[in-house]
Amino acid sequence: MDVIQAIKERRSINFFEPDRDIPAEKIREVLEVAKLAPSSMNLQPWRVIVVNDQERKKVLRKCAFDQPKVEEASAVLIMVADPGSVEENLDKVLESWVELGYMKPEMKETYNGIAKALYSDEQSLKRKFFAVKNTSLYAMSIMMVAKGLGLETHPMDGFDEDAVKKTFSIPDDMLIPMLIAVGYLKSGITLLPRAYRKNYENFVTFNNYT
Ligand SMILES: Cc1cc2nc3c(=O)[nH]c(=O)nc-3n(C[C@H](O)[C@H](O)[C@H](O)COP(=O)(O)O)c2cc1C
């Protein structure tokens, strides 16, 4: 499936085939291909918890305002954004840039300074935005790759973040931009037509906001 077709055909699916598993290799393929998503300074501030155990999905459904798709989808991905990824990953990223010839070793200090200036300290709002925006790009990439590999998805922010953190042992300083249900469309379901989208003229301007 080409990328334009995948974008046009992706829909947020409410009715998943409840008893169909996704093979572990296919989940891996989705997450591995999707990780080629871009990220600020290539810092990849995401983690993913794949919830595919029936009992754990039931528990997650309770944290997600009882949305049935959380239990019925083959798996639900808890997208975790890690504001601490700057400290954790920057050295690795810079070393690989040196190794691959993107920059000379003496540039490392400059990039350390840039990262500090751009993302501020770990507790700052700026840092939270950094983690959430990049993890959301990864999430979109996951939805597109899933579509390309014959799977359906549904992103969700209808959940109690504190309850999800507590139940799935996620440290307090992490953020959860969304959950993504992944699976197969339930047989016999016909999707309603694609819902309203804004008119191009209402949100696009050239060269200025107004
Ligand atoms: C970040 C995000 C959170 C969402 N949260 C929910 C949700 O909790 N429950 C739900 O039924 N739909 C949720 N949606 C799905 C949207 O309602 C859906 O994307 C939108 O109506 C457009 O439909 P489409 O994705 O089929 O084009 C969410 C979508 C996004 C991107």
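Counting only residues that are basic (Lys, Arg) and open to solvent by less than 90 Å² (accessible area, probe 1.4 Å), which one in region 1-16 is nearest to the ligand (Cβ to nearest atom)? Walk me through it before giving the result.
Step one: filter region 1-16 for residues basic (Lys, Arg), giving 8, 10-11.
Narrowing the set further to residues that are open to solvent by less than 90 Å² (accessible area, probe 1.4 Å) leaves 10-11.
Values: Arg10: 7, Arg11: 4 Å.
Per the criteria, the residue is Arg11.
Restricting to region 191-210, what's the tally of residues that are more than 14 Å from the ligand (Cβ to nearest atom) and of a type in the set (A, V, I, L, M)? Break it down stepwise before answering.
The initial filter retains those residues of region 191-210 that are more than 14 Å from the ligand (Cβ to nearest atom), namely 199-210.
Still in the running and of a type in the set (A, V, I, L, M): 204.
So the count comes out to 1.
Which is modelled with pLDDT of 95 or more and either polar (S, T, N, Q) or in a helix (DSSP H, G or I) (or both), of Lys147, Lys116? Working first, answer last.
On the way: Lys116 fails: modelled with pLDDT of 95 or more.
Matching residue, one of Lys147, Lys116: Lys147.
With respect to Thr153, is the statement that it is part of a strand (DSSP E or B) and not acidic (Asp, Glu) true?
Details: part of a strand (DSSP E or B): yes; not acidic (Asp, Glu): yes.
Yes.
Taking region 149-190, which residues are of a type in the set (Gly, Ala, Ser) and either surrounded by fewer than 19 Cβ atoms within 10 Å (Cβ to Cβ) or within 14 Å of the ligand (Cβ to nearest atom) (or both)? Reasoning before the result, please.
First, the residues of region 149-190 that are of a type in the set (Gly, Ala, Ser): 150, 158, 163, 169, 181, 183, 187-188.
Of everything in region 149-190, those that are of a type in the set (Gly, Ala, Ser) and either surrounded by fewer than 19 Cβ atoms within 10 Å (Cβ to Cβ) or within 14 Å of the ligand (Cβ to nearest atom) (or both) turn out to be Gly150, Gly158, Ala163, Ser169, Ala181, Ser187, Gly188.
Can you tell me which of (1) over 20 Å from the mean Cα position of the chain (by Cα); (2) of a type outside the set (Lys, Arg); (3) under 13 Å from Ser39 (Cβ atoms) is the one Phe130 doesn't meet?
All conditions pass for Phe130, except number (1).
For every residue, the table says whether it meets (1) in contact (Cβ under 8 Å) with a residue 60 or more places away in the chain; (2) in a loop (DSSP other than H, G, I, E, B); (3) open to solvent by 80 Å² or more (accessible area, probe 1.4 Å); (4) within 16 Å of the ligand (Cβ to nearest atom).
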| position | (1), (2), (3), (4) |
| --- | --- |
| Pro18 | yes, yes, no, no |
| Asp21 | no, yes, yes, no |
| Lys26 | yes, no, no, no |
| Glu32 | no, no, no, no |
| Leu36 | yes, yes, yes, no |
| Lys58 | no, no, yes, no |
| Arg61 | no, no, no, yes |
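I'd like to know if region 115-129 contains one or more residues that are closer than 30 Å to Val3 by Cβ, open to solvent by 40 Å² or more (accessible area, probe 1.4 Å) and in contact (Cβ under 8 Å) with a residue 60 or more places away in the chain.
Yes - at least one qualifying residue is present in region 115-129.
Sort through Glu88, Glu72, Glu95 and tell me the only one that's closer than 29 Å to Pro18 by Cβ and open to solvent by 40 Å² or more (accessible area, probe 1.4 Å). Outline the logic, then answer.
Values: Glu88 fails: closer than 29 Å to Pro18 by Cβ; Glu95 fails: closer than 29 Å to Pro18 by Cβ.
Going through Glu88, Glu72, Glu95 in turn, just one is closer than 29 Å to Pro18 by Cβ and open to solvent by 40 Å² or more (accessible area, probe 1.4 Å): Glu72.
The values are calculated or read from the model by the stated rules, or taken from the named source; none is laboratory data. Just so you know, these numbers come straight off a predicted model, no measurement behind them. Positions of Cβ are generated from backbone atoms using ideal geometry, with glycine treated the same way; all protein chains shown enter the neighbour counts. Side chains included, ligands, DNA and RNA excluded: accessible areas come from the protein's heavy atoms. Shrake-Rupley method; radii C 1.70, N 1.55, O 1.52, S 1.80 Å.
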